[in-house]
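The values are calculated or read from the model by the stated rules, or taken from the named source; none is laboratory data. Just so we're clear, the structure is a prediction, and the values are computed from it rather than from any experiment. Virtual Cβ from ideal backbone geometry, glycine too; neighbours counted across all protein chains shown. Ligands, DNA and RNA are stripped out before the accessible areas are found, and what is left, the full protein with its side chains, is counted by its heavy atoms. Shrake-Rupley method; radii C 1.70, N 1.55, O 1.52, S 1.80 Å.
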Amino acid sequence: MAGVWRWRHNPLRRATDRREAWLALTAFLLLVVAAPVIGWFCGSRTDAALQASVRAQRTERHLTTAVVVRRVTAAHFATDPEISTGRVTRTAVVARWHAPDGSARSAVVSTASRNAKPGAKVRVWTDRRGSAAPRPMDARTARTHAALAGFGAAMLAALLIECSRRLTLRRMTRHRYEQLDRAWASVGPDWGRTGTGS
């Protein structure tokens, strides 16, 4: 704003200077207003979609008690992107349980239970048919993903605004130099020559 105001009454002001000042002001206002609005909009839409997914997963997946048949591998650290608890020690085991229709099911599942010996009872997530399913996403993780999506959208909008400003400024500068070259070509070659009226 100060740049636009400063150039208003300057006698050395060119039309291109005024346009460049307005371009900088417009880009600044877009960075301050439009980029955060785009980030908020994308973040809120992503959060609404993820929260709906969280609710759907919570209705479709259930905790079931299973019996450990045998351990598959040693304990290992695993990060589950669907939950916000971070790194937890999980053990892969073969477990068996009963589906809602009473049929027996078994599969390799991952458990955080410290007791993973054969015959131990562990809790596993299953879908409506009784098949093993991943843990449902929790609301906190969904909000984190939505916040990251909104931040990313805001940063992308800011990058596009700045790239557009730079490209426009480059075109304006090139146009100004072309005008200067034309003006120089029309009067410049005669300067300093004897008998040209100077």
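Kindly provide the set of residues from segment 26-65 that are among the charged types (D, E, K, R), farther than 17 Å from residue 150 by Cβ and either crowded, with 16+ Cβ neighbours inside 10 Å or free of Cβ contacts under 8 Å to residues at least 40 places away in the same chain (or both), ordered by number.
Restricting attention to segment 26-65, the residues satisfying the condition of being among the charged types (D, E, K, R) are 45, 47, 55, 58, 60-61.
Narrowing further to those that are farther than 17 Å from residue 150 by Cβ: 55, 58, 60-61.
Within segment 26-65, 55, 61 qualify.
Could you list, in sequence order, all residues of segment 131-149 that are surrounded by fewer than 16 Cβ atoms within 10 Å (Cβ to Cβ) and of a type in the set (S, T, N, Q)?
Just the residues of segment 131-149 that are surrounded by fewer than 16 Cβ atoms within 10 Å (Cβ to Cβ), to begin with: 131, 134, 139-140, 144, 147-148.
Selection gives 131, 144.
Tell me, yes or no, whether segment 76-91 has at least one residue that is of a type in the set (A, V, I, L, M, F, W, C), surrounded by 15 or more Cβ atoms within 10 Å (Cβ to Cβ) and either at pLDDT 90 or above or under 30 Å from residue 41 (Cα atoms) (or both). Before the answer, list the steps.
Step one: list which residues in segment 76-91 are of a type in the set (A, V, I, L, M, F, W, C), which gives 77-78, 83, 88.
From what is left, the residues that are surrounded by 15 or more Cβ atoms within 10 Å (Cβ to Cβ) are 83.
Remaining after also requiring either at pLDDT 90 or above or under 30 Å from residue 41 (Cα atoms) (or both): 83.
The answer is yes; a qualifying residue exists.
Which residue, of 182, 128, is in contact with a helix residue (DSSP H, G or I) (Cβ under 8 Å, 6 or more places away or on another chain), at pLDDT 80 or above, farther than 30 Å from residue 33 by Cβ and open to solvent by 70 Å² or more (accessible area, probe 1.4 Å)?
Working: 182 fails: in contact with a helix residue (DSSP H, G or I) (Cβ under 8 Å, 6 or more places away or on another chain).
Result: 128 is the single residue among 182, 128 that is in contact with a helix residue (DSSP H, G or I) (Cβ under 8 Å, 6 or more places away or on another chain), at pLDDT 80 or above, farther than 30 Å from residue 33 by Cβ and open to solvent by 70 Å² or more (accessible area, probe 1.4 Å).
Does at least one position in segment 140-156 carry a residue that is more than 30 Å from residue 28 (Cα to Cα) and touching a helix residue (DSSP H, G or I) at 6+ places or on another chain (Cβ under 7 Å)? Before you say what the answer is, go through the steps one by one.
Step one: list which residues in segment 140-156 are more than 30 Å from residue 28 (Cα to Cα), which gives 140-142.
Imposing the further condition that a residue be touching a helix residue (DSSP H, G or I) at 6+ places or on another chain (Cβ under 7 Å) reduces the set to 142.
Taking every residue of segment 140-156 in turn, at least one turns out to be more than 30 Å from residue 28 (Cα to Cα) and touching a helix residue (DSSP H, G or I) at 6+ places or on another chain (Cβ under 7 Å).
Only one of these conditions is not met by residue 146: (1) more than 30 Å from residue 103 (Cβ to Cβ); (2) in contact (Cβ under 8 Å) with a residue 60 or more places away in the chain; (3) out of contact with any Asp or Glu (no Cβ under 7 Å at 6 or more places or on another chain). Which number is it?
(3) is the only condition that residue 146 fails.
All but one of (1) part of a helix (DSSP H, G or I); (2) open to solvent by 60 Å² or more (accessible area, probe 1.4 Å); (3) modelled with pLDDT of 90 or more; (4) not β-branched (Val, Ile, Thr) hold for residue 96; state the number of the condition that does not hold.
The number of the failed condition is (1).
What is the one condition in (1) on the phi > 0 side of the Ramachandran plot; (2) out of contact with any strand residue (DSSP E or B) (no Cβ under 9 Å at 6 or more places or on another chain) that residue 173 does not satisfy?
Evaluating residue 173 over (1) on the phi > 0 side of the Ramachandran plot; (2) out of contact with any strand residue (DSSP E or B) (no Cβ under 9 Å at 6 or more places or on another chain) leaves (1) as the failure.
Could you please find all residues in segment 100-136 being among the hydrophobic types (A, V, I, L, M, F, W, C) and in contact with a Lys or Arg (Cβ under 9 Å, 6 or more places away or on another chain)? Give the derivation first.
Of all residues in segment 100-136, those among the hydrophobic types (A, V, I, L, M, F, W, C) come to 104, 107-109, 112, 116, 120, 122, 124-125, 132-133.
104, 107, 112, 116, 125, 132, 133 - these are the residues of segment 100-136 that are among the hydrophobic types (A, V, I, L, M, F, W, C) and in contact with a Lys or Arg (Cβ under 9 Å, 6 or more places away or on another chain).
Restricting to segment 111-125, name every residue that is open to solvent by 50 Å² or more (accessible area, probe 1.4 Å) and either at pLDDT below 85 or closer than 12 Å to residue 90 by Cα (or both).
Passing the criteria: 112, 114, 115, 117.
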